[in-house]
Amino acid sequence: MDEARYAWLCSSVTLQSDKRGFFIQLAESVLESAGADWLSKFGGLKNDKQRVIACYNDREVRELVRGTLANVQKIFRSKNASFAKTKREEADHFYSKHKLDKALQLANQSVVRAPLPGVDPKVEDGLTLSLCLRSRAMILFETKDFELALSDFQLSLKYKLPEKYKADAYQMMGECYLQLGMKDKAKVSIGVAKNMATIKKFSFTNFRKEMNRTKGSEKSGTGTDGLPTLYDGESKAVPCLSSNLSMKRSDIAGRYIVANANLPVGAVVSVEPAYSSVLRMEKHGSHCLHCFKRLKCGVPCPTCSGVAFCSSACQTKSLTYHVWECPFMELMIGSGMSVVSHLSLRMVTQSKLQYFETFISGLKKPGTDHPEPKDFLFRTLMALLLLQILRNSGYFGEKGSSGIDDLTEIEIWIGCLLLRHLQVTQYNAHEIYETLAKQTDNTGNTKTNYMAVGLYPASALLNHDCTPTLARYFIGDTMVLRVERPLFTGEEVSENYGPVFTMKTLDDRQKSLMARYKFRCICEACRGKWPMLSQLTEANVTLKCRKRGCKGTYNLPIDQNKLENWHCSKCSLENRVEDQVALYKSYTSDYERGCSLLVQQEINECVNVMSEFITNCNPLISQPNRNVCLAMEVLRACWSSHANFYIL
Ligand SMILES: C[S@@+](CC[C@H](N)C(=O)[O-])C[C@H]1O[C@@H](n2cnc3c(N)ncnc32)[C@H](O)[C@@H]1O
């Protein structure tokens, strides 16, 4: 495939990931009907405002664009009380037979589809949701998931659980609190249950016994946030980065980050919550829409059946953006838009219109020029599609227009902002993933599961290197970066954008970085044409000159019977090869010990041993080295087990 076509494909998937979506049809029809002259005129426009207005108003494209946008309507997976009731009854049936897995699966379906109280009064007096939540809570109580059971009982009460079930619900909640070690809350809950006139079977004597049994085991209600702390505190200049990093600029590579102190392996140099992040649409059924935690049983969205949350707290936090997006979710899926496009929309929906109005004037500057008019045209059309969703959702309130009327000034401005987001997110968004491990596997083999994308303004300042200096993992949508080889004052601190030299050929790396990020990589691995891991053997060892700071190296001969001392070609110093080889052998046995620790699941000790191995090897041998590469891989896997980690 020629380079231009490859670049176009790489760029277009950042906009539209599903080829079958209607967006691509719109974009291609506009391209065809507009003709070459209009496209060339469009390519010459100087700013985003002109581009948005041209695509919406120009005679050559107006009918087609507005005609398609007129079809942007609320399409989402709605609630269905009768369906929810049927699923709940099936769940109850399996619960009574003690088939709890099946019961929970059906109860989950019932909860997601049940409408809010009163929406469909014909079915169970409009109270199906509370009944579904109650049924699921009973199942969860039986499976000893007391926290989840408690949350479902609470929600069932919030959603108007019928009187006759209330006393039971409070009693069960009391039991849940007790099991969770929260005796004070248990007392209150049981007290409420006791006072309810309808209570029949509750025995306060039993409760007292339980209270005494759990005496002294009170757990605190809150935990720490589980985030690691930054090495040597936070930088004042770039929040979320360690104080040992600073930003520099170069003509070729723009802004980049350097170490302003020596940094050991394992130092945490960035802990950054996402400025904005979006769950991939494929994961809506399995992960919390807001924090990306895996769902065992989701808290439903009050309006749609397409997404779920791990807790009421996440559901509440999502209200800022999900109210605008929720009614259009199926339309967005049908359009085929990419998660990066969705992220561009989320960067608007997560804040109120008034927030953007405060810096309108700042964005009136001309947008950046783009070399490819077709790419720009497609991005502008996507911005208009996202804008139309906002217009029809009521986001603009009285400042907006409707349908396919002319755009108001503020709508044009938000259209420009969306277009700006669509341009920058493709270079700056990070994939967010979780690590999957098999319960039965003790080889340390894990799989990464790509769940979401996020924007991290501080960490996005890091440039790419085909041999990363940092390992990256996620806790929720917070990104953590850790040093994975010793770094010295003044050295560049880099990330890896995907193509690592161990896995991809030089040609593939160069092609994909150019197509996707528009730069030619000149890192050490690229300049030195380093072989991939599959071509690196244990016998490939390059020794470093022992003089501090000297860059001289020596390739150790494969036949180690003929070892001779070597003179550095840079500084002429004589290096005692036998000493160096003996040292390397002793380090290699540490590496092997690290591998067996991994197999024994001694993660912390494994991290210590591998970190020491990499640190020791650093002054002795140079990259590429098979064992060092593998040790870095092991470190990445171990660290990510503290993060979004899921055992299958
Ligand atoms: C996430 S940004 C990194 C920060 C960027 N340098 C800046 O000034 O905002 C990605 C962009 O940085 C540039 N970049 C990243 N790594 C580079 C490298 N190794 N050499 C040259 N340019 C690079 C490319 O323009 C790329 O699209």
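The values are calculated or read from the model by the stated rules, or taken from the named source; none is laboratory data. Quantities reported herein were computed from a predicted structural model and do not represent experimental measurements. Using ideal geometry, Cβ is built from the backbone for each residue, glycine included, and neighbour counts are taken over all protein chains shown. Note: areas computed on protein heavy atoms with side chains; ligands, DNA, RNA excluded. Shrake-Rupley method; radii C 1.70, N 1.55, O 1.52, S 1.80 Å.
For the reader, a short list of remarks on this structure follows.
- Just so you know, in the range 302-323 the residues that are among the aliphatic types (A, V, I, L, M) and within 17 Å of Leu390 (Cα to Cα) include one that is surrounded by the fewest Cβ atoms within 10 Å (Cβ to Cβ), and it is Leu319.
- Flag if Leu263 is more than 30 Å from Lys183 (Cβ to Cβ), modelled with pLDDT of 95 or more and not assigned by TED's automatic domain parsing to the domain that holds Leu461: no
- So Ala103, is it surrounded by 13 or more Cβ atoms within 10 Å (Cβ to Cβ) and either under 25 Å from Met329 (Cα atoms) or in the same structural domain as Lys511 (by TED's automatic domain parsing) (or both): no
- Members of the range 458-476 found to be of a type outside the set (Ser, Thr, Tyr) and more than 12 Å from the ligand (Cβ to nearest atom), listed by number: Leu470, Ala471, Arg472, Phe474, Ile475, Gly476
- Qualifying residues in the range 622-646 (those that are over 23 Å from Thr467 (Cβ atoms) and in a strand (DSSP E or B)) - the one nearest to the chain's Cα centre (by Cα): Phe645
Table: residues versus (1) under 21 Å from Met337 (Cβ atoms); (2) surrounded by fewer than 20 Cβ atoms within 10 Å (Cβ to Cβ); (3) aliphatic (A, V, I, L, M).
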position: Ala4; (1), (2), (3): no, yes, yes
position: Ser12; (1), (2), (3): yes, yes, no
position: Arg20; (1), (2), (3): yes, yes, no
position: Ile24; (1), (2), (3): yes, yes, yes
position: Glu32; (1), (2), (3): yes, yes, no
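- In the range 6-17, the residues that are polar (S, T, N, Q) and part of a loop (DSSP other than H, G, I, E, B): Thr14, Ser17
- Every pair of residues 6+ apart whose Cβ atoms lie under 7 Å, when the first sits in the range 182-193 and is under 12 Å from Met172 (Cα atoms) and of a type outside the set (S, T, N, Q) while the second is open to solvent by less than 50 Å² (accessible area, probe 1.4 Å) and modelled with pLDDT under 85: Ile190/Phe207; Ala193/Ile199; Ala193/Phe202
- Test: residue in the range 65-88 that is more than 36 Å from the chain's Cα centre (by Cα) and modelled with pLDDT of 95 or more: no
- Restricted to the range 456-476, and to residues there that are over 21 Å from Leu436 (Cα atoms) and among the small types (Gly, Ala, Ser), the residue that is most open to solvent (accessible area, probe 1.4 Å) is Ala460.
Listed here are the residues, each with its yes/no results for (1) open to solvent by less than 10 Å² (accessible area, probe 1.4 Å); (2) among the basic types (Lys, Arg); (3) farther than 15 Å from Cys55 by Cα; (4) without any contact (Cβ under 8 Å) to a residue 12 or more places away in the chain.
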{"residue": "Leu384", "(1), (2), (3), (4)": "yes, no, no, no"}
{"residue": "Arg391", "(1), (2), (3), (4)": "no, yes, yes, no"}
{"residue": "Tyr395", "(1), (2), (3), (4)": "no, no, yes, no"}
{"residue": "Lys399", "(1), (2), (3), (4)": "no, yes, yes, no"}
{"residue": "Gly403", "(1), (2), (3), (4)": "no, no, yes, no"}
{"residue": "Leu407", "(1), (2), (3), (4)": "no, no, no, no"}
{"residue": "Ile410", "(1), (2), (3), (4)": "no, no, yes, no"}
{"residue": "Arg420", "(1), (2), (3), (4)": "no, yes, yes, no"}
{"residue": "Gln426", "(1), (2), (3), (4)": "yes, no, yes, no"}
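- Within the range 149-170, being closer than 16 Å to Asp101 by Cβ and open to solvent by 50 Å² or more (accessible area, probe 1.4 Å) holds for no residue.
- Any hit, the range 610-621, residues being touching a residue at least 24 places away in the same chain (Cβ under 8 Å), under 18 Å from Asp465 (Cα atoms) and open to solvent by 40 Å² or more (accessible area, probe 1.4 Å): no
- Residues within the range 441-451 that are modelled with pLDDT under 65 and out of contact with any Cys (no Cβ under 9 Å at 6 or more places or on another chain), tallied: 3
- Any chance Val299 is under 30 Å from Leu140 (Cα atoms) and either open to solvent by 40 Å² or more (accessible area, probe 1.4 Å) or more than 16 Å from the ligand (Cβ to nearest atom) (or both): yes
- Tally, over the range 300-312, of residues that are more than 20 Å from the chain's Cα centre (by Cα) and β-branched (Val, Ile, Thr): 1
- Qualifying residues in the range 242-296 (those that are within 16 Å of the ligand (Cβ to nearest atom) and in a loop (DSSP other than H, G, I, E, B)) - the one farthest from the chain's Cα centre (by Cα): Asp251
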